[in-house]
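Here the structure comes first, spelled out in structure tokens, and everything after it is commentary.
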Amino acid sequence: MTRLYQAGDLNTNSLIVPDLYVQIQKPATLALNGVSSGRIGLVGTAAWGPLNTPVIVGSMGDSLAAFGAKQALATDIGTAVNIAILQGATDFRCVRVSDGTDAAATGTMAGVTLTAKYTGSAGNAITATLTQGTIVTTKYTLTTSHSVLGSRSYTGTTWTAIAAAIAADTSALVVATAPSTVPDLAAGSVTLSGGADGGTPTTAEFIGADGTTRTGMYALRGQGCALGVLSGLTDNTAWTTMGTFGQQEGLYMIACGPSGDTITNAVTQKDTAGLDNYAVKLMFGDWLWWDDDTNGVMLVPPQAFVAGLFGGLSPEQSSLNKQLSGVIGSQKAGLVSSGTTQTYSDAELGALFEAGLDVICNPAPGGSYWAVRGGINTSSDDATLDDSYTRMTNYIAETINSGMGAFVGDVINDTLFGDIRAVLLGTLSNMVSAGILGSSTAYAVVCDSTNNPQSRTALGYVRADVQVQYQGINRFFVVNLQGGSSVVVSTTTTTAS
């Protein structure tokens, strides 16, 4: 009688009964699928939405539904999402933070209290209307509506039934609380009030807690983000903490200095913070003018422009000289519409770059457009200071981390060594095909008895040594021009064969 076994379930060295034994093998894994290199973890404020909870956002529609209308604030989530999407980003994990003085809007209808599901001023625009059925007069419908957040309807013959229906709806705009003596249903309408956003969160509230319940920045742990932004936070005491978190989670943290900063102060602030970390990109505090479709022309920090640019770029790419969209001016240059043409001198740019600060300005090496001018992080090591080092290192490390754990628990033998090599080599080969790595000679993997002696494998250790050569970034393009009437020009003619 033929029997089917999953691979590993049958000891083929101790069979007794003559028969056919079929072992089902799992398909061979030849390569790992690359992780996301463009997902942005964004921490900021909003007029609606859950606090300290990562929310998936992929469009402005998602942002509006989750966090309400955009606000004219440097810390606003919706504004940052809007800017980043314009640069090419499509994948966000957004965390709303507050200073703790936020409040939920409320309203009372026939003795029943309706409370906005979330705190924030958006709740003040929620209306609730209770109407009586025309056919079954004992049945009522409660409709809650908001011009941005949408509307919901619930039907029941008692307040208890309607409140239960609201509680069962994960997208509900309100929570209904009836007194111990539940009143009868009666047609009516109310607009909620008293909702408040609170003030600007402190640095501690932006950073949050890394405990059992994570808050603030730490709520982004395990979310698979490649980029991190604490929108509008300019406190230099947070930068090293951001860098440590970025290294732990494989995030490229985009920080910035205060609005209207000076180069001298920016350098001092960075030095005071002791910031020297490839996981942090620090943008100079030359904030940008942005024409928002909701709040008009406003000054915004440069973080969302940079993060959004990376969100649409492959990990081997640098931000250097890539054209940005939506910038209509800067504090240094003024509004483009005013005709102001103040630019950075080479001396000013040199002072910034030598200190590990980057800046968005116009013109760029490629022409008269707004672009990131340095393409650097805050590392003082020439081998690690480029954007591409941070992004490539994180991308490769996170890709390996996403799948190689499957080998833990396997028997250590030549088959295991070969399988590990095959997966790693296949993964790196796919990166060559995608243009992320330059050629098949740009990587090497060693996992065999030469780096796994019996003295180590006997203790359960297996080691794979992976070397990867990244592609360089053209930072200093030198063209040697020789001209004059005395120049002798040599040309080579190639004959097609």
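Throughout, read-outs are computed from the coordinates displayed, never taken from laboratory work. Because the structure is predicted, anything quoted here is derived from the model rather than measured. Note that each Cβ is placed from the backbone with ideal geometry, even for glycine, and that neighbours are counted across all protein chains shown.
Spacing of the modelled spin labels on T157 and Q132, each 7 Å from Cα toward Cβ, amounts to 1.6 nm.
When the chymotrypsin sites (Phe, Trp or Tyr not before Pro) in the stretch 330-381 are filtered for DSSP coil states and for at most 14 other beta-carbon atoms within 10 Å of their beta-carbon, the remaining sites are Y369. For the chain, the number of Lys pairs separated by eight or more positions or lying on different chains, with C-alpha atoms closer than 21 Å, is 6. Each label was represented as a point 7 Å from its Cα along the Cα-to-Cβ direction; for V148 and F476 these points are 4.9 nm apart.
For T294, the shell of other residues with beta-carbons less than 15 Å away shows a net charge of -3, using +1 for Lys and Arg and -1 for Asp and Glu.
Counting every C-alpha pair in the chain, the share spaced more than 31 angstrom apart comes to 58%.
Within 12 Å, Cβ to Cβ, of R93, how many net charges do the neighbouring residues add up to if Lys/Arg are +1 and Asp/Glu are -1?
Working: positive: R39, R96, R221; negative: D62, D91, E249.
Spelling it out: positives minus negatives among the neighbours equals 0.
Comparing Cα centroids, the stretch 1-55 and the stretch 307-349 end up 43 angstrom apart. Counted residue by residue at 0.36 nm each, then reduced by the alpha carbon distance between them, the extension gain from T141 to S440 reaches 101.0 nm.
Can you give the net charge of the other residues whose Cβ lies under 9 Å from the Cβ of L352, counting K and R as +1 and D and E as -1? The partial results should precede the final answer.
Numbers: positive: R373; negative: E348, E354, D358.
Spelling it out: positives minus negatives among the neighbours equals -2.
Helix-derived [θ] at 222 nm for the chain: sum -39500 (n - 2.57) over DSSP H runs of at least 4, divide by residue count, nearest 500? Value at 222 nm, helices only: -7000 deg cm²/dmol. Working note: Cα gyration tensor of the stretch 202-357, eigenvalues times five, square-rooted, sorted largest first, giving semi-axes of 27, 18, 16 Å.
Once R0 is set to 51 Å, what does the formula 1/(1 + (r/R0)^6) return for the Cβ-Cβ distance between T212 and T343, expressed as a FRET efficiency to the nearest 0.05? That gives a FRET efficiency of 0.50. For the stretch 370-418, the alpha-carbon radius of gyration amounts to 1.82 times the rule-of-thumb value 2.2 N^0.38 Å expected for a compact globular protein.
Rounded, prolate or oblate: pick one for the stretch 332-376, where a ≥ b ≥ c are the square roots of the eigenvalues of its C-alpha gyration tensor, a/c under 1.5 means rounded, and failing that, prolate if a/b is larger than b/c, else oblate. Walk me through the intermediate numbers first.
Values: a/c = 2.34, a/b = 1.73, b/c = 1.35.
It is prolate, given that a/c is not under 1.5 and a/b is the larger ratio.
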